[in-house]
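Have a look at the structure below before the remarks.
The values are calculated or read from the model by the stated rules, or taken from the named source; none is laboratory data. The shown structure was predicted, so the numbers you read here are calculated from the model rather than taken from an experiment. Surface areas here come from the heavy atoms of the whole protein model, side chains and all, with no ligands, DNA or RNA. Shrake-Rupley method; radii C 1.70, N 1.55, O 1.52, S 1.80 Å.
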Amino acid sequence: MSNIGLILEEKSADIGNFLVGRLLPFREKRAVGPFVFIDHMGPAELKDYQNLDVPPHPHIGLSTLTYLLEGSIFHRDSIGSALEIKPGAVNWMTAGKGVVHSERTPEYLRNTDKKLHGFQIWVGLPKHLEQSEPTFHHIEANELPVWEDGDIQYKLIAGEAFDKRSPVPVHSKLFFIEIKTKTAQKISIGKDLYGEAAMYVLDGTVNIEDNSYGSKQLLIAKNTQLCEFEMSENGTVYLFGGEPFDEERFIFWNFVNSDKEVIDEAKVNWNDQNHDAFPLVPRDEQEYVPLPKAILNRK
């Protein structure tokens, strides 16, 4: 009996200059633990005239996690945060009742050739925090737990597992783990995981029950405790998951919440540019991403 419940091929979506692999949500699986949305950005090679420019846009009811493998993004938000995220660091922004942020190529890179590659992730909030005040935290790459077991390197990007805890201030029990191999290895870590679990193969191949899976595939386990697989040499996989919420989370555009009425109110507030609900982003106040009209009238 296979432990793999679903094999989800990465879906591609064009966002500006980039090809984004949309991993979650899928019709067959709306969330894995508290993770409700995962985008694989790139890898993209950008010319000197190409830049990332995502104008101010809103979120409610979630935390965003940005983790880059290559390149750089300058983050600004309505809380007043303004900083550059580089590979290996983590941006963790909790929207709560409402936050606005922009993501752009830093000024010093805007006229040079550059690369961009990474993950953008949404994590749902526990019900009692969905209306909390927004917060932002930046965790440097050297602050994340990294350890080796022979030719296997582990990094705990967020959450808790393996009796270790990442300094990223998450709000529920979850894990986001990077595993790299130098040589072909058998990995058996089910006893260290919990809740629901999914694996994304970035580099190399993974062999599970005599079947081989390559890159751009999301594998979702039926039983997290039976998480066992073989990785090829020079492989990289990401494991994410954790304890699911008791209540369903609804997603409409950039809004996540357990209450559809809260989402409907957020739609109106953003469409009307209600700056009490969604404050302006300091030093990035001249434009914003309009609410899609199809979203405004969708219940």
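Run the 1.4 Å probe and let me know the accessible area of Val54, rounded to the nearest 10 Å². Counting only protein heavy atoms, the figure is 40 Å².
A convex hull fitted around the alpha carbon atoms of the range 185-291 yields 171 Å³ per residue. Dividing the convex hull volume of the alpha-carbon atoms in the range 113-199 by its residue count gives 157 Å³ per residue. Largest GNM mean-square fluctuation across Asp53, Asp39, Asp151, computed for the chain with C-alpha springs under 10 Å, falls on Asp151.
Using only Cα atoms, find the angle between the long axis of helix 260-271 and the longest principal axis of the chain, and express it within 0 to 90 degrees, rounded to the nearest 10. Taking Cα atoms only, the helix is inclined about 50 degrees. Rg then Dmax, both in Å and based on the Cα atoms of the range 221-272: 18.4, 53. Remark: C-alpha extents of the range 4-242 on the principal axes read 47, 44, 36 Å, sorted largest to smallest.
Highest GNM mean-square fluctuation among Ala31, Ala44, Ala198, for the chain modelled with Cα contacts below 10 Å: Ala44. Solvent-accessible area of the chain (1.4 angstrom probe, protein heavy atoms only): carbon and sulfur portion equals 46 percent. Rolling a 1.4 Å probe over the protein heavy atoms leaves Phe245 with an accessible area of roughly 50 Å². Pairs from the list Lys115/Lys180; Lys114/Lys164; Lys127/Lys182; Lys127/Lys180; Lys182/Lys216 with a Cα-Cα gap above 31 Å: Lys114/Lys164; Lys127/Lys182; Lys127/Lys180.
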